[in-house]
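First up is the structure itself, then whatever we jot down about it.
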Amino acid sequence: MISKKVEVALNQQINNELASYYSYLGMSAFLETTPFKGFASWMRMQAEEEQGHAMKIFDYLNDRSGKVVLEAVDQPQTDFSSPLEIFESSLGQEMEVTGQINEIFQLAQEEKDFATLEFLGWFLTEQVEEEKSAQDMVDLLKLAGGSVEALLRIDSEAGQRSSEEPEA
C-alpha cells in the first residue's frame, strides 16, 4: 500500500506530466504552421514522451493499490514568436518538472516509501536528459542568431531526433 500523501503527490504529477504533454503538443501545433517541420517533429516526440511519463506513474499507482485521480488540464499556449522562445519555454518547463519530481522524492523519503524512491530514480535520471536536451537546443538557437541557413540546419537536425527513452 502507498501512503495517502504520496498517492496525492503522484496524482498531481500525473496531471503535471499531462499538462507538459499538452504544452508540447501546443508547441508542435504552432511549429506545424511554420517552415520549421523538424522542430515540430521534435516537440511532438517530446509530447509523446511526457504522455508516457504520465502513464508510468498511472501504472505505478495502480500497481501499489493507489487510486488514480485525473484532473483537468489547462489549454496550452499555441502562439510563439520564434523557435528560440519555444525551446526556452521547454527548458523552463523541464526545470519545473525536475523540481516537482524532487519534491515527491523528498516526500517519499519522509514517508519511508522505499519502493517509490526506487521508482522515482528513473524520473530523476530522465529529467537530467530532458533538461540537457532542451538546453542544447537553446544554445544552438542562440548561436544561430538570425541566420536563416543556420536555423534551417538546426531544424533539419531536430527532425532527425529518434525516440530512445531509457528503460524504467
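General remarks:
- A Cβ distance below 8 Å, combined with a sequence gap of six or more or placement on separate chains, defines the contacts here; from the stretch 137-161, residues that are among the hydrophobic types (A, V, I, L, M, F, W, C) and surrounded by fewer than 17 Cβ atoms within 10 Å (Cβ to Cβ) reach no residue that is modelled with pLDDT under 95 and part of a helix (DSSP H, G or I).
- Any hit, the stretch 73-89, residues being of a type in the set (A, V, I, L, M) and either farther than 30 Å from MET1 by Cβ or crowded, with 18+ Cβ neighbours inside 10 Å (or both): yes
- Among (1) over 16 Å from the mean Cα position of the chain (by Cα); (2) part of a helix (DSSP H, G or I); (3) without any contact (Cβ under 8 Å) to a residue 40 or more places away in the chain - the single one ASN102 does not satisfy: (1)
- Subset tally (residues that are outside any helix (DSSP H, G or I) and of a type in the set (Phe, Trp, Tyr)) for the stretch 30-46: 1
- Residue match in the stretch 67-89 (condition: touching a residue at least 60 places away in the same chain (Cβ under 8 Å), in a helix (DSSP H, G or I) and among the small types (Gly, Ala, Ser)): yes
- The set of residues in the stretch 102-128 being among the β-branched types (Val, Ile, Thr) and either crowded, with 18+ Cβ neighbours inside 10 Å or closer than 17 Å to MET27 by Cα (or both) consists of ILE104, THR116.
The values are calculated or read from the model by the stated rules, or taken from the named source; none is laboratory data. Computed from a predicted model, the values in this text were never measured in an experiment. As a convention, Cβ positions derive from the backbone with ideal geometry for all residues, glycine included, and neighbour counts pool all protein chains shown.
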